[in-house]
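The values are calculated or read from the model by the stated rules, or taken from the named source; none is laboratory data. Fair warning: this is a prediction, and the values are worked out from it, not measured in the lab. Here the Cβ is made from the backbone with ideal geometry for all residues, glycine too, and neighbour counts use every protein chain on show.
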């Protein structure tokens, strides 16, 4: 068992989890720093606090609200119309007074919802718990997905049929984000949609991937706006700024990084590494000041680019870990960092950085900790294997290995948002990179009705990444999805049309 890695739920059960299938939700973008709540009254102190921040419907009825977003579950279960939250309310807890950067695609705007499209492109929305909770060794609280769009996976409408039967009966605590039903069109604002497509795209895939390789520094410029670097600071930061950075790091970024890389290192050790990095600490302070200005409605230009660079630099803190040789859990985390970096940049992972393959025979699913660790190790091994295989040459053997790795990953997504995002990035890299004249202004239209058709899978994967860019459950997911979209753009800038 590797140290520092959180427990995971079996295929079909939640830990960071989602509904029992790979889905495409629209959760809110900043789950741990929500300030859009409504003041109210209640005679008991604890109940008063929860009612004070509750939705308009629960406050009017003077009942306890569970404060989920965009609509509370009390209203959903009682089939009442949830009137939402007052946008001018400000939370009173100290680290949450400064919010991270907003979404980048589309530009910041009031929270909007999508109406439910046809079954082939179903998209459901999430609720969100805004309270920052103490993280345990089992990892962050679960998030849940809704239905998978048809065509992304060949399994019947709801994903993981074989592994679900192996799921042990274990209580992992209360659900945070049960999937919402359809949005009431009478009260919902217009849906968030990309620009209208200029034309449909139906061409076949090229036999090999032919893209321009990019580096991480070029991916920070979300929405084509490069991050603005602060003046070099030589003086140590005052204690109150350190405390503010610590609160924001632990509440927002450490949790998101732990979930994405399936570890607890960022919460357990990351801040001490951050304190030792003078330049990154001053950059973090600069970002906090810019976020504060953005909340006041001034100087909002380029906030997402600032945050994208901040998140990746924080993610790379394990690379400065002083132990030599590093412990095994650091080795595992460094491998995962290298996998994600090469996945985003379109480059190939060195074979010696591919995580070791887990044993051929999985442990008994009743041994929950061992079984979930097995699934975690298996997923990252298959993703590392995928990123290491050269698909820029015509090779039947390489194509077969890539198909096998993608199929293996698809079967162990385990309802985890990070795995769904990484799997979608892999689909977009492998299939999207073989359509050199495609851009996001075109609508992907499959020539085949088969659910496993590459074009159909690519269309859903790219739609999912776009949605997560604006509506992922953590800032980490949002910014990494934005960097993935930036990579798509850069890789096609110098490629001539076919």
Can you pull out every residue in region 229-247 that is under 22 Å from residue 483 (Cα atoms) and touching a helix residue (DSSP H, G or I) at 6+ places or on another chain (Cβ under 7 Å)?
230
Taking the condition part of a loop (DSSP other than H, G, I, E, B), buried (at least 17 other Cβ atoms within 10 Å of the Cβ), more than 21 Å from the chain's Cα centre (by Cα) and modelled with pLDDT under 65, does residue 167 pass?
yes
Residue check for residue 328: under 30 Å from residue 413 (Cα atoms), surrounded by fewer than 22 Cβ atoms within 10 Å (Cβ to Cβ) and either in contact with a strand residue (DSSP E or B) (Cβ under 7 Å, 6 or more places away or on another chain) or modelled with pLDDT of 95 or more (or both)
no
Out of curiosity, is residue 359 farther than 18 Å from residue 263 by Cβ, buried (at least 21 other Cβ atoms within 10 Å of the Cβ) and touching a helix residue (DSSP H, G or I) at 6+ places or on another chain (Cβ under 9 Å)?
no
With the requirement that a residue be part of a helix (DSSP H, G or I) and under 21 Å from residue 415 (Cα atoms), what does region 255-277 give you?
255, 256, 257, 258, 259, 260, 261
Across region 213-249, what is the number of residues that are within 26 Å of residue 391 (Cβ to Cβ) and more than 25 Å from the chain's Cα centre (by Cα)?
0
Pick from 415, 425: which is buried (at least 23 other Cβ atoms within 10 Å of the Cβ) and not in a helix (DSSP H, G or I)?
415
